[in-house]
Amino acid sequence: MHQQQQQQNPQATRSFGVCCRFPDAELRKCIKQNGNDWEVNDLEKFEKFSNKIKDALGEKKVTEKEESERTFQENRKKLQERHQKLAGIRQLLQYQNLTELITDFVQVCVLFECGEKIERKFGVSDSLEILFNFVLAHEKCPNGFSLFFNNKELKCAPVWYKEYGTLPDRIETFNETGLDSSVAVTVKENQKKL
């Protein structure tokens, strides 16, 4: 009868599970083989053995969970370090003397998405990196941002900014970019959050 059921439903005897290794002697203390079947010798020993298996599997799950938590904490720490580095650079730029006596200058009005605006004069031969640093030093500036003039992105991010955004091949001056006399530059937050 048992063979007829196996032939009619071959999947009835299949089982799936997790493999655990235990000494054969320990296994034989609580169960014994009887043909193709296994029988329990001592119920108490079998329950202890079953608990060992459960404990072993439980430890693995905890280990995976701990590994996931450790990875999460490492990524979080790296992100915090990046934010701290950027905050340090921003603070340094705020205290640098960014205004010098300029005779041939460009008046730039910087407009932030929040509505805030700031103004400053730059030399026409100054690098756009100075504008980038001036904007970054402002408290309303987002961590990841781009600068736009007449809907055209200004490529002015310095080399150290490569981990936060894209870099130009070469940073142009105000004159080379066509920024002259009085201009408005818009700050837009990048889609990728830092």
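Nothing in this text is a laboratory measurement; each read-out follows from the coordinates by a stated rule. Please read these numbers as outputs of a predicted model, since none were measured by experiment. We place every Cβ from the backbone using ideal geometry, glycine too, and count neighbours over all the protein chains shown.
Here are a few things to note about the model shown:
- Computed lengthening from GLN91 to LYS162, 0.36 nm per intervening residue step minus Cα-Cα distance: 23.7 nm
- 5 angstrom amide H check on VAL185, placed H, neighbours 5+ away: CYS109, VAL110, LEU111
- Neighbourhood net charge (13 Å Cβ-Cβ; Lys/Arg +1, Asp/Glu -1) for ARG90: +2
- Highest mean packing comes first when the peptides 126-135, 105-114 are listed by Cβ atoms within 10 Å, giving 126-135, 105-114.
- Charge dipole (debye, nearest 20) of region 118-194; +1 at Cβ of Lys and Arg, -1 at Cβ of Asp and Glu: 260
- In sequence order, calculated HN-Hα J values of region 150-158 (Karplus, 6.51, -1.76, 1.60; Hz; x Gly/Pro): 6, 6, 10, 6, 8, 8, 9, 6, x
- Approximate spin-label separation ASP104-ARG76, in nm, with each point projected 7 Å along Cα-to-Cβ: 5.4
- Separation of the alpha carbons by more than 25 angstrom is noted, of LYS155/LYS188; LYS85/LYS155; LYS77/LYS162; LYS65/LYS85, for LYS65/LYS85.
- As a calculated quantity, the FRET efficiency between VAL124 and THR63 at R0 = 45 Å, using C-beta atoms, amounts to about 0.10.
- Distant-in-sequence amide H partners of GLY144 (H built 1.01 Å from N, under 5 Å): ASN190, LEU194
- Scattering profile of region 105-189 at q = 0.16 Å⁻¹ [log10 I(q)/I(0), Debye over alpha-carbon scatterers]: -0.54
- Cβ-Cβ FRET estimate between GLN191 and LYS152, R0 fixed at 22 Å, reported to 0.05: 0.75
- Among residues other than PHE46 with Cβ under 12 Å from its Cβ, the summed charge is +1 (Lys and Arg +1, Asp and Glu -1).
- Length gained when the stretch LYS117-GLN33 is fully extended (0.36 nm per residue, less Cα-Cα span): 21.9 nm
- Here the Karplus curve 6.51 cos²θ - 1.76 cosθ + 1.60, taken at θ = phi - 60°, turns the phi angles of region 179-185 into couplings of 8, 9, 6, 10, 9, 10, 10 Hz, with x standing for Gly and Pro.
- Close amide H partners of LEU154, meaning residues 5 or more places away or on another chain with modelled amide H under 5 Å apart, are LEU147, PHE148, PHE149.
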